[in-house]
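Reviewing the structure listed below.
Each reported figure results from applying straightforward, stated rules to the coordinates on display, with no laboratory input. Note that the structure is predicted; figures quoted are calculated from it, not measured. Here the Cβ positions follow ideal geometry from the backbone for every residue, glycine too, while neighbour counts run over all protein chains shown.
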Amino acid sequence: MQTDLFEQHQDHSDVWRVSDLTREIKRILESGFHPLWVSGEISNLSTHPSGHRYFVLKDGSSQLKAVLFKGDASSLGFVPQEGDECIAYGQVTVYEPRGEYQIRVRHMMQDGTGSMRMQFERLKKKLLEEGLFEESRKRPLPRLARNLAIITSLSGAALQDFLSILERRSWNGSVFIFNSQVQGKDAPVSLVRAFEEALSFPGIDLIVLARGGGSIEDLWAFNDENLVRRVADSPIPTISAIGHQTDFVLTDFSADFRAETPSAAAEWISSEHVRMRELLVELGERLARIPESSIGRTMDRLGLVEGRLRNCSPESRIELQHQFLDDLESRISRKTVTFFEHNQYVVKTLGQRLEGGSLASSLKKGFAYFQDEDGKIMDKAKALAKGKRVKATFADGSRQLRVEQ
């Protein structure tokens, strides 16, 4: 029944305070776990001004907070760094203010991988300071190497990958394989011996050190100081093609070129051959097109010359002069018509102006003029004396008048 969910039961358990519960958990942990060793990678390392170090030890699926106090840190033979693989000895405990369980580290050691990384960095720094990795020491690689020496294991996948890519890209050359161990304690000596054999082999253009990917232990032979120095001093250009893209070994720095993988080395070596082959194909196609294009260009030039000859012939010149005369005649005709039309307009305008200013025109506008008995024009009123006879001329005729006043 639904009401059963709300049925009350009497609970006689105690109610814990958070601090009491945390303290009890701490007691159980500390009494249940004696001091122990735990391995992991250092992460989130933080050094307090007091000298105490706080960090996390983690592996692929879990993490454990850790604290290394200044007094214990001073007795270590190394300085813990972010990313170090280490083995820590200490007591599992609980940090009560945050209720977090942690290990209180008393002592630490680098594990095998961490020690190898330290050796790697020390040797790298030493050789770097000697100038062994300087770019000025490196030799240019031959763009069209024909005789390759590859130093690797006959049974490794790296060799098969290398050869298959050269074959797939139709690389045309010879590959000489120098078998060597590429892993284990005897690998450095074996690699140096194979390298010397490659150097003494006649006609070698390029030497490739190759190995597939692996752990730092698997690739450790390629960090051997003797091998690294021999590669750096090689009179023949070298490629170091060790591991995967993220793997680095010291021969990568001393070789003249580092390829991310053996396959990448094969692609680089064959790339120039592929480019040259494509260039030859293109040149062949261009050469094949030369006769057709040459004839076309010749015909174009002949057409141009023919046109120029036509322009320079007497007939062409006469035709040009006829065109010039026709144009000149048209221009003269247009000029003549324009001249007469303009002068006709001017004459007409002058005639209108003369007519507008004539005596007859003035009379038609209502004006009149007076003449004395001698026929002289009278242009002043004082000439009109009383009793004097004058002749008045209007638009429609004239009349004899006598001045009365």
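Packing-wise, with mean Cβ within 10 Å as the measure, how do 373-379, 147-153, 390-396, 359-365 rank, highest first?
So the peptides 373-379, 147-153, 390-396, 359-365, ranked by packing, come out 147-153, 390-396, 359-365, 373-379.
Assign one of three labels to region 18-110, namely rounded, prolate or oblate, based on the Cα gyration tensor with a ≥ b ≥ c the square roots of its eigenvalues; rounded applies when a/c is under 1.5, prolate when it is not and a/b is larger than b/c, and oblate otherwise.
prolate
Using 5 Å bins from zero, what percent of all Cα-Cα pairs in region 360-402 falls into each bin?
Result, from short to long distances: 6, 24, 31, 23, 13, 4, 0 percent.
Which of VAL105, VAL231, VAL18 ends up with the largest GNM mean-square fluctuation for the chain, with Cα atoms connected below 10 Å?
VAL18
How many nm separate the modelled label positions at ASP111 and ALA385, each set 7 Å beyond the Cα in the direction of the Cβ?
15.8 nm
Which entries of LYS365/LYS391; LYS58/LYS185; LYS124/LYS185 have Cα-Cα distances beyond 23 Å here?
Violating the 23 Å Cα-Cα cut-off are LYS58/LYS185.
How far apart, in nm, are the 7 Å Cα→Cβ label points at GLU341 and LEU283?
Distance between the two pseudo-spin positions: 7.3 nm.
So if I place +1 on the C-beta of Lys and Arg and -1 on the C-beta of Asp and Glu, and nothing else carries charge, what would the dipole magnitude of the chain be about its Cα centre? I want it in debye, nearest 20.
That gives a dipole near 4160 debye.
For region 145-231, calculate the relative contact order in percent as a whole number, restricting contacts to Cα pairs under 8 Å that are 6 or more residues apart.
40 percent
Rounded to the nearest 5, what is the percent of antiparallel bridges among the DSSP beta bridges in the chain?
Here the antiparallel bridges make up roughly 65 percent for the chain.
Would you work out the charge dipole size for region 360-402 about its Cα centre, treating the Cβ of every Lys and Arg as +1 and the Cβ of every Asp and Glu as -1, and quote it to the nearest 20 debye?
That gives region 360-402 a dipole magnitude of about 180 debye.
Rounded if a/c is under 1.5, else prolate if a/b beats b/c, else oblate: with a ≥ b ≥ c from the C-alpha gyration tensor eigenvalues square-rooted, which is the chain?
Here the chain falls in the oblate category.
Rounded to the nearest 20 debye, what is the charge dipole size of region 111-257 about its Cα centre when +1 sits on each Lys and Arg Cβ and -1 on each Asp and Glu Cβ?
It comes to approximately 300 debye.
Would you be so kind as to identify which of PHE69, ILE204, VAL94 lies farthest towards the positive end of the dipole of the chain, taking Lys and Arg as +1 and Asp and Glu as -1 on Cβ and the Cα centre as origin?
Farthest towards the positive end: ILE204.
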